[in-house]
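K.L.:
Before I ask anything, let me first share the structure, which is written out below as structure tokens.
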Amino acid sequence: MKMLLEGSQACAEAVRLARVKVVSAYPITPQTHIVEELAKFCSEGSLDGRFLCVESEHSAMAAVIGAAAGGVRTFTASSSQGLALMHEMLHWAAGGRLPIVMAEVNRALGPGWNLWADQTDSLAQRDTGWIQLYCADGQEVLDTTLQAYRLAEAVNLPVMVILDAFFLSHTWEPVDLPDQEKVDRFLPPYSPRFCMNTADPQSLHGVAPIGVYMEMRRSMQLAMEAVPEHLARIEEEFATLFGRSYGPVESYLCDDADVILVTSGTAAGTARVAVDQLRNEGEKAGLLRIRMFRPFPVRSVRQVLKSVQKVAVLDRNCSFGAGGIFASELKSALHGGNPAPVYSYIAGLGGRDITVDTIRQCFSLTRAAARPDIESVWLGVKEELLK
Amino acid sequence: MTPHDANLPPLFMPISSAPTSANRTGSWSSRQPRYEGKTAPCSVHCPCGEDIPHIEMLAARGEYTEAWRTILAENPLPGSCGRVCFHPCEGGCNRGEFDDPVAINALERFLDDRAGCGPLPADFLPLSTSGKRIAIAGSGPAGLAAAWFLARLGHECEIFESAPEPGGLLRYGIPAYRLPAAVLDREIGRITELGVRIRCSTPLEKELLANAASQYDALFIGCGNSRGIGLDLPGGEYALDGLSFLRAVRSGSALSGVDKYRLHDDPQGAAAPRTAAIIGGGNTAIDVARTLLRLGITPTILYRRRREEMPAFSHEIDSALAEGVHLIELSAPLAIRPAGKNLALTLQKMRITEPGADGRMRVLPVEGESREMTFSAVYAAIGARAEEPWHSMARAEGGLNFGHTLLLPVGAAGLPVLLGGDLVNQVESVADAIASGKEAAIALDLLFREGSAAIAAGIERCRIGGGHSLSMEIYQGGPRHSRSRRVVAFQDINRDYFTSSRPQRGGSLPHTTAAGSFAEVEAALEAGQALEQAGRCFNCGICNDCDNCRTFCPEAAVVLDGQNSGGSDRERRITYDYCKGCGVCLTECPRCAMVMEEVGS
């Protein structure tokens, strides 16, 4: 059934369809609509789950860690400072191999205080052991959230479903809301590989001395390495039932492209329009959207970029002192593969618009320069303010 | 695992079936929580120092007899106080800052109605006798309380009472519609059960006092102010004394009293309207007016200030007005003269000026504005003084004032004499009179055991929260002794655990019915209301077994002993081997019954 839903509502509807048992969250703009919707579902009974109110994001994550260790499906959501406050618990969820799913609405970190889209908050958590999936539209938010539970429960790692503040969280789009019965077929009741059990008391996640710690970490890495294969299989099933699939990356007109722009999130929709314009003008432009950032889809990326001449990466984030984070990762992924130069651009921080012209500028700058700058190039910056 | 997800990646993680007790997390701690009872503000405000949070905790569990015994430990007259006390406890109640104070006064009456009919609990009997004999002048609340506490401490008491029946002001000053005689009789019965002898119709004359030293070891004088003060104005002798009138009505001589007061002198007979003016604004004025109303007389209270300045309890004024008592404010009597069968009262109109030292507004006459009103009778209710001048004159002799009592130097009497009750108290109330009796008992016990030099310090040790109220339980080294003197403030309460509620209190007789008889006006709480009211108590500063500390302790370091004992001796302790000093227990304790201390402090 097609419905007009906000990105936040699409997320909440997916959580309801996934029959999540415990939701715990602390409100923060722009995540609030997701948890408000879920609190309503829990109180009206349309979701047979408990909504635990807590005093902080750290406690919200701690609460779902406890619930997940008890063997039930869990959900939380956060953004920006809230996610930063969760940091310690993010490691705990992943190291504890708990299949928690979290919606993370990309918002700029303060100071200065800013509520708008920026990916630095989620990318700052890239080493915590969480799978990260970046969505481009409302339908993908709903579908990814459902897939996230299958994926998390298959590899015993937590998943962040990531959406841009306002451009996605607060934008209303037609979304196909699947039947519960079909969702139940795709996502059967959760059957944990381990959980707390009062009949057989155990302590989980205790001391791991020198003799075993490295093996724990190796097992997490192996789980991450298994993700592409599991995602592919899960998406295949999803496509059979619902007729949609996304893959770890999405390529658009890349086969014969000489310059490919790599980006993520809602900027990809704008980039598609720019690529269409450039194609009409005779340029061989292509677009690669990275949906899965962790684990980084090295094989998929290499496959799409195997014969391109130049790669431009547009980042809505910055690792200070290193530049665009997707660009860094992409360079690393290409190392030993296609030696095409990688041009790094930063735009749209703190909610500033990324327009068709911004994208076209990426292409034109990339074509014009014989080799990339050492540093990322910032687009749309009011340089006069910095003099 | 979901059955169709095959080829699962490895899962290598620490899971242990061994207990974590080897990890003594308490060794990291720099501070430790401890259970520590504190002082509830209601107890500090209660002149009798009742252990109110504990009483309400027991009442909320339906343990009415235990709750009543807890009152009795500090106050021998819960049935009377539950009806006539001005309940300053409720003014101090922390719940008052949340929604409404707990109905502590109504609960006291409820508990006495429920549990007070039985015999005196055996553990109130003294374990041994001291051989000391104390004479007590007056069987009002001060004398009765002194006897009760002294007898429980093993001293023999004999009360001298000038009236034919014991009770003093409780019997002769408070009308039956506020305090039925049966309730008072029951309470006095408990005191005589302790072995206290009450000699009625035997005033403590000065001659008896002269020989007291040969028969007694000490004397307590608590016979109060029972003689009304007359009106000092032309024709003041025509005014009747309000207190004497109340006494006459309570003695059963109401009709003869009315005859005596010439209310039947009207040749027209009883059919003619009969009116009375009452001069004054205190509780006696209200009691006189409401009593007259019940005898078919139309009473008008004349007060020189305004209603808001009247010293009478506000709710009593409300009831009086609702029943049909008239009130004329800003009217001061100038003169009384006979006018045929009636009395003509000249009244001066007054006006409000500025607040006086006591916060009440001062008044001044409005020049040239006076009027005359005619009444069948005029009653004076402007205050009272001691029956015998030497009762109060003794005050002038100096001595040691402990707050509610005054120890006179051993002079002519040849034995220690302690003055108490209204003769000494700053606040003239039943509860303060009881407080005085308790203080007298503690003072005399200390005197007998350790000498007069020990009294002041001994009394200080019994002060609740460092305030004016004393605790007999603390004096006797009971469990209350170990509580901190720190008074729990509203901010100390974790209000997350309470929801606002303003339940119904007990009702009262319809005003028209009430005015027609001496039946008790205020209704008792019903059982459901009492449970609800007691359950509203924050139980400030005492553990009520809520178990939050144990539930929330992240280290499971709170251990519950006696878990299977059925509840009575459940006790918690903290295993410091595992307590990290995180303070969650203190935060989650709704009632401030714990404290945190630095290790080694």
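K.L.:
Determine which single condition residue A:144 fails, assuming it passes every other condition in (1) buried (at least 24 other Cβ atoms within 10 Å of the Cβ); (2) over 14 Å from residue A:8 (Cα atoms).
P.N.:
(2)
K.L.:
Which members of region A:125-140 meet the condition of being within 17 Å of residue A:100 (Cβ to Cβ) and hydrophobic (A, V, I, L, M, F, W, C)?
P.N.:
A:130, A:131, A:133
K.L.:
Which numbered condition in (1) away from every other protein chain (no Cβ under 14 Å); (2) closer than 30 Å to residue B:554 by Cβ; (3) over 19 Å from the mean Cα position of the chain (by Cα) is the only one that residue B:94 fails?
P.N.:
The one condition residue B:94 does not meet is (3).
K.L.:
Taking region A:1-47 on its own, how many of its residues are farther than 23 Å from residue A:71 by Cα and either of a type outside the set (A, V, I, L, M) or assigned to a helix (DSSP H, G or I) (or both)?
P.N.:
17
K.L.:
Okay, next question. Can you tell me how many residues within region B:199-248 are surrounded by fewer than 19 Cβ atoms within 10 Å (Cβ to Cβ), basic (Lys, Arg) and in contact (Cβ under 8 Å) with a residue 60 or more places away in the chain?
P.N.:
Residues meeting the conditions: 2.
K.L.:
Could you please let me know if residue A:185 is closer than 22 Å to residue A:130 by Cβ, assigned to a helix (DSSP H, G or I), out of contact with any Ser or Thr (no Cβ under 9 Å at 6 or more places or on another chain) and more than 8 Å from chain B (Cβ to nearest Cβ)?
P.N.:
When the stated conditions are applied, residue A:185 does not pass them.
K.L.:
Still on this model: For region B:30-79, give me the residue count where each residue is touching a strand residue (DSSP E or B) at 6+ places or on another chain (Cβ under 7 Å) and not charged (D, E, K, R).
P.N.:
The qualifying residues number 8.
K.L.:
Okay, next question. Please work out which residue is surrounded by the fewest Cβ atoms within 10 Å (Cβ to Cβ), limiting yourself to region B:516-535 and to residues that are touching a helix residue (DSSP H, G or I) at 6+ places or on another chain (Cβ under 6 Å) and not in a loop (DSSP other than H, G, I, E, B).
P.N.:
Ranking the candidates gives B:535 first.
K.L.:
Evaluate the following for residue B:539: is it farther than 19 Å from residue B:102 by Cβ, modelled with pLDDT of 95 or more and of a type outside the set (Phe, Trp, Tyr)?
P.N.:
No; evaluated as a whole, the condition is false for this residue.
K.L.:
Look at region B:159-189 and say how many of its residues are touching a Phe, Trp or Tyr at 6+ places or on another chain (Cβ under 8 Å) and either under 25 Å from residue B:418 (Cα atoms) or at pLDDT 95 or above (or both).
P.N.:
So in region B:159-189, the residues touching a Phe, Trp or Tyr at 6+ places or on another chain (Cβ under 8 Å) come out as B:163, B:175-177.
Adding the requirement that they be either under 25 Å from residue B:418 (Cα atoms) or at pLDDT 95 or above (or both) leaves B:163.
The number of residues fulfilling the criteria is 1.
K.L.:
Got a number for residues in region A:216-228 being more than 8 Å from every other protein chain (Cβ to nearest Cβ), crowded, with 16+ Cβ neighbours inside 10 Å and more than 28 Å from residue A:13 (Cα to Cα)?
P.N.:
Number of matching residues: 1.
K.L.:
Shifting gears a bit: When you check residue A:269 against the structure, is it more than 14 Å from every other protein chain (Cβ to nearest Cβ), among the small types (Gly, Ala, Ser), surrounded by fewer than 17 Cβ atoms within 10 Å (Cβ to Cβ) and within 27 Å of residue A:130 (Cβ to Cβ), yes or no?
P.N.:
Criteria met by residue A:269.
K.L.:
Surrounded by 12 or more Cβ atoms within 10 Å (Cβ to Cβ), more than 8 Å from chain B (Cβ to nearest Cβ) and either touching a residue at least 12 places away in the same chain (Cβ under 8 Å) or basic (Lys, Arg) (or both): is that true of residue A:231 in this structure? Don't jump to the end; show me each part of the working.
P.N.:
Details: surrounded by 12 or more Cβ atoms within 10 Å (Cβ to Cβ): yes; more than 8 Å from chain B (Cβ to nearest Cβ): yes; either touching a residue at least 12 places away in the same chain (Cβ under 8 Å) or basic (Lys, Arg) (or both): yes.
When the stated conditions are applied, residue A:231 passes them.
K.L.:
Can I ask one more? Going through A:252, A:246 one at a time, which residue ends up being touching a Gly at 6+ places or on another chain (Cβ under 9 Å) and more than 14 Å from every other protein chain (Cβ to nearest Cβ)?
P.N.:
Details: A:246 fails: touching a Gly at 6+ places or on another chain (Cβ under 9 Å).
Selected residue: A:252, the only one of A:252, A:246 that is touching a Gly at 6+ places or on another chain (Cβ under 9 Å) and more than 14 Å from every other protein chain (Cβ to nearest Cβ).
K.L.:
Select from region A:196-215 the residues that are surrounded by fewer than 16 Cβ atoms within 10 Å (Cβ to Cβ) and either more than 8 Å from every other protein chain (Cβ to nearest Cβ) or in contact (Cβ under 8 Å) with a residue 12 or more places away in the chain (or both) and list them in ascending order.
P.N.:
Answer for region A:196-215, where residues must be surrounded by fewer than 16 Cβ atoms within 10 Å (Cβ to Cβ) and either more than 8 Å from every other protein chain (Cβ to nearest Cβ) or in contact (Cβ under 8 Å) with a residue 12 or more places away in the chain (or both): A:197, A:198, A:199, A:209, A:210, A:211, A:213, A:214.
K.L.:
Within region B:153-196, which residues are assigned to a helix (DSSP H, G or I) and β-branched (Val, Ile, Thr)?
P.N.:
Scanning region B:153-196 gives B:183, B:188, B:191, B:192.
K.L.:
Quick check on this structure: which one of A:233, A:272 is modelled with pLDDT of 95 or more, out of contact with any His (no Cβ under 6 Å at 6 or more places or on another chain) and within 26 Å of residue A:171 (Cβ to Cβ)?
P.N.:
A:272
This table checks each residue for (1) within 17 Å of residue B:113 (Cβ to Cβ); (2) surrounded by fewer than 21 Cβ atoms within 10 Å (Cβ to Cβ); (3) aliphatic (A, V, I, L, M); (4) within 14 Å of another protein chain (Cβ to nearest Cβ).
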| site | (1), (2), (3), (4) |
| --- | --- |
| B:23 | no, yes, no, yes |
| B:66 | yes, yes, no, no |
| B:75 | yes, no, no, no |
| B:79 | yes, no, no, no |
| B:82 | yes, no, no, no |
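K.L.:
Starting from region A:133-156, keep only residues that are away from chain B (no Cβ under 14 Å) and of a type in the set (Ser, Thr, Tyr), then list their pairs with residues that are crowded, with 24+ Cβ neighbours inside 10 Å and part of a helix (DSSP H, G or I) whose Cβ atoms are within a distance under 6 Å, requiring at least 6 positions of separation or different chains.
P.N.:
From residues that are away from chain B (no Cβ under 14 Å) and of a type in the set (Ser, Thr, Tyr), the pairs are A:145/A:11; A:145/A:14.
K.L.:
With the structure loaded, tell me whether residue B:49 is more than 27 Å from residue B:583 (Cβ to Cβ), away from every other protein chain (no Cβ under 14 Å), touching a His at 6+ places or on another chain (Cβ under 8 Å) and buried (at least 17 other Cβ atoms within 10 Å of the Cβ) or whether it fails that test.
P.N.:
The answer is no for residue B:49.
K.L.:
Quickly run through region A:48-64 and pick out the residues that are in contact with a strand residue (DSSP E or B) (Cβ under 8 Å, 6 or more places away or on another chain) and outside any strand (DSSP E or B).
P.N.:
A:49, A:54, A:57, A:59, A:60, A:61, A:63, A:64, listed by residue number.
The values are calculated or read from the model by the stated rules, or taken from the named source; none is laboratory data. These numbers come from a predicted model, not from an experiment. Glycine also receives a Cβ, built like all others from the backbone with ideal geometry; neighbour counts cover every protein chain displayed.
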